[in-house]
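These notes concern the structure reproduced below.
The values are calculated or read from the model by the stated rules, or taken from the named source; none is laboratory data. This one's a predicted model, so the numbers in the text were calculated from it and none came from an experiment. We place every Cβ from the backbone using ideal geometry, glycine too, and count neighbours over all the protein chains shown. Heavy atoms of the whole protein, side chains included, go into the accessibility calculation; ligands, DNA and RNA do not. Shrake-Rupley method; radii C 1.70, N 1.55, O 1.52, S 1.80 Å.
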Amino acid sequence: MLHGRHILLIVSGSVAAFKALMLVRLLRAEGARVRAVLTAGGARFVTRESLAALTGEPVQDDLWAPRGGEEAEIGHIRLARWADAVVVAPASANRLAQMAHGLAHDLAGCILLATCAPVLVAPAMNPAMWAHPATRANIATLAERGLHFIGPEDGPMAEPESGPGRLSEPEAIAYAIRTLLGSGPLSGRHALVTSGPTHEPIDPVRYIANRSSGKQGHAIAAALAALGARVTLVSGPVALPDPPGVVVRRVETARDMLAACEASLPADIAILAAAVADWRVAQEAAQKLKKQPGAAAPTLSMALNPDILATLSRHAQRPRLVIGFAAETEHVVQHAREKLARKGCDWIIANDVSGDVMGGAENAVHLVTADAVEEWPRMLKEDVATRLAARVAEHFA
Ligand code: C5P
């Protein structure tokens, strides 16, 4: 949360400047005060009126006539001191060049020279401009001076081309600001989250899987990151975007998932929401199994997969809080209690998956600990995630 923090947002000239408006909304929703400085280029893409309405503050755009009342003070110095963090989003190629050279011909340039606050830069430009040696050199100079960067992302641009140059999404920039300011009850904590199904190969083209969508696990990763945790998400194959600000390790099989989890230790928190396959095919065929005319269907012999939750619960580098999930179709709480003891974890989130939970938007869960059972009402998976992250933060408080 950014409650009461002062963010000075410099909006320079890029077609992506509209995302700065969304960023303002996110920051204010977290309780931050945001003041915007609009450069001449930025004003070609968003209006001062939009920024003023969304920030609820006068927008600064003129070095010689800073708005906002206190004219006796020098505007750029006052703004530079006011900021807990200065964010340049979007940062155009031209703005990066000006910053690298310390040019101070406009209000944004003066603030960037005058501020002692950390500076986060979110570049946005055409991929060729991003790749140009001049831009590369400017970035290297600014990074050496201790400025922080987020993006740009790889993807489709406003022009009919694609490549690195897209402004990072507002959620990712907000996350980077939170990290920069070290805010949030879980800042300084490392959380490991598993999500999605695993795929257990039969042969090079076939596999055994389950209906897990990864929605719950991904939402948990996002919710922990929103509270300031550094999050590693080990995900089986899913059709979901990476949660902003989270390090994602993609795996296929249960054995790969265990290896990725162990490689991610140490962690303070482990929340294992993945629907890991209990069994794999004992012998994966090296070549595609062929259907022979008249021959019987093949028999698959299965082997037991490692139990990641049980392994991490008894690991030499055991996270302080280990939370498992229990997807059941009957006797939900009773099975969860048994699982808690058997697997050695601290809490179990138990849910009934006999309905439309797997792949669906909502979840109805019980939080089962060694000495209590809490029944949570049916809610969106994102809300389950937010509530669980808040409980984790309470536990560490
Ligand atoms: O035993 P069961 O599959 O019901 O346990 C569910 C919990 O155990 C979940 O948290 C799941 O992520 C975890 N699990 C695991 N490795 C397995 C099987 C389940 O980590 N091989």
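Annotations for the structure displayed:
For every residue, the table says whether it meets (1) assigned by TED's automatic domain parsing to the domain that holds Ile220; (2) surrounded by 14 or more Cβ atoms within 10 Å (Cβ to Cβ); (3) under 22 Å from the mean Cα position of the chain (by Cα).
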| residue | (1), (2), (3) |
| --- | --- |
| Ala350 | yes, yes, no |
| Ser354 | yes, no, no |
| Met358 | yes, yes, no |
| Glu362 | yes, yes, yes |
| Leu367 | yes, yes, no |
| Ala370 | yes, no, no |
| Met379 | yes, yes, yes |
| Glu382 | yes, yes, yes |
| Arg387 | yes, yes, yes |
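- Within segment 264-298, the residues that satisfy the criterion of being of a type in the set (A, V, I, L, M, F, W, C), over 17 Å from Ser212 (Cα atoms) and touching a residue at least 12 places away in the same chain (Cβ under 8 Å) are Leu265, Ala267, Ile269, Ala270, Val281, Ala282, Ala285, Ala286, Leu289.
- Residues of segment 229-260 that are near the ligand (Cβ under 10 Å from one of its atoms) and open to solvent by 20 Å² or more (accessible area, probe 1.4 Å): Arg255, Leu258.
- Inter-residue pairs, beta-carbon under 7 Å, first within 15 Å of His6 (Cα to Cα) and in the same structural domain as Ala20 (by TED's automatic domain parsing) and in segment 169-180, second of a type in the set (Phe, Trp, Tyr) and open to solvent by less than 20 Å² (accessible area, probe 1.4 Å), 6+ apart: none
- Pairing residues of segment 129-148 that are small (Gly, Ala, Ser) with residues that are open to solvent by less than 90 Å² (accessible area, probe 1.4 Å) and part of a helix (DSSP H, G or I), at Cβ distances under 8 Å and at least 6 apart in sequence or on separate chains, gives Ala134/Ala97; Ala137/Ala100.
- Tally of residues being farther than 19 Å from Ile150 by Cα and open to solvent by 40 Å² or more (accessible area, probe 1.4 Å) across segment 172-200: 3
- Some residue of segment 166-184 being closer than 24 Å to Leu309 by Cα and at pLDDT 90 or above: no
- Elements of type helices (runs of 4 or more DSSP H) contained in segment 54-153, each with 3 or more residues being modelled with pLDDT under 90: 75-82
- Residues that are within 10 Å of His366 (Cβ to Cβ) and more than 10 Å from the ligand (Cβ to nearest atom), drawn from segment 338-356: Asn351, Asp352
- For Leu147: the one exception among (1) closer than 30 Å to Trp64 by Cβ; (2) surrounded by fewer than 22 Cβ atoms within 10 Å (Cβ to Cβ); (3) touching a helix residue (DSSP H, G or I) at 6+ places or on another chain (Cβ under 6 Å): (3)
- Search result, residues across segment 193-247 that are part of a strand (DSSP E or B) and modelled with pLDDT of 95 or more: Val193, Thr194, Ser195, Pro197, Glu200, Pro201, Tyr207, Ile208, Leu233, Val234, Ser235
Rundown of residues vs (1) within 16 Å of Val368 (Cβ to Cβ); (2) acidic (Asp, Glu); (3) more than 21 Å from the chain's Cα centre (by Cα), yes/no style:
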| residue | (1), (2), (3) |
| --- | --- |
| Arg249 | no, no, no |
| Gln287 | no, no, yes |
| Met302 | no, no, yes |
| Asn305 | no, no, yes |
| Ile308 | no, no, yes |
| Arg320 | no, no, yes |
| Glu330 | yes, yes, yes |
| Lys343 | yes, no, yes |
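- When segment 261-291 is filtered for residues that are aliphatic (A, V, I, L, M), surrounded by fewer than 17 Cβ atoms within 10 Å (Cβ to Cβ) and within 16 Å of the ligand (Cβ to nearest atom), the ones remaining, listed by number, are Ala263, Leu265, Ala282.
- Considering only residues in segment 313-337 that are more than 23 Å from Leu258 (Cβ to Cβ) and away from the ligand (no atom under 12 Å from the Cβ), the one that is least open to solvent (accessible area, probe 1.4 Å) turns out to be Val333.
- Matching residues, segment 137-152, being within 23 Å of Ala16 (Cα to Cα) and not hydrophobic (A, V, I, L, M, F, W, C): Asn138, His148, Gly151, Pro152
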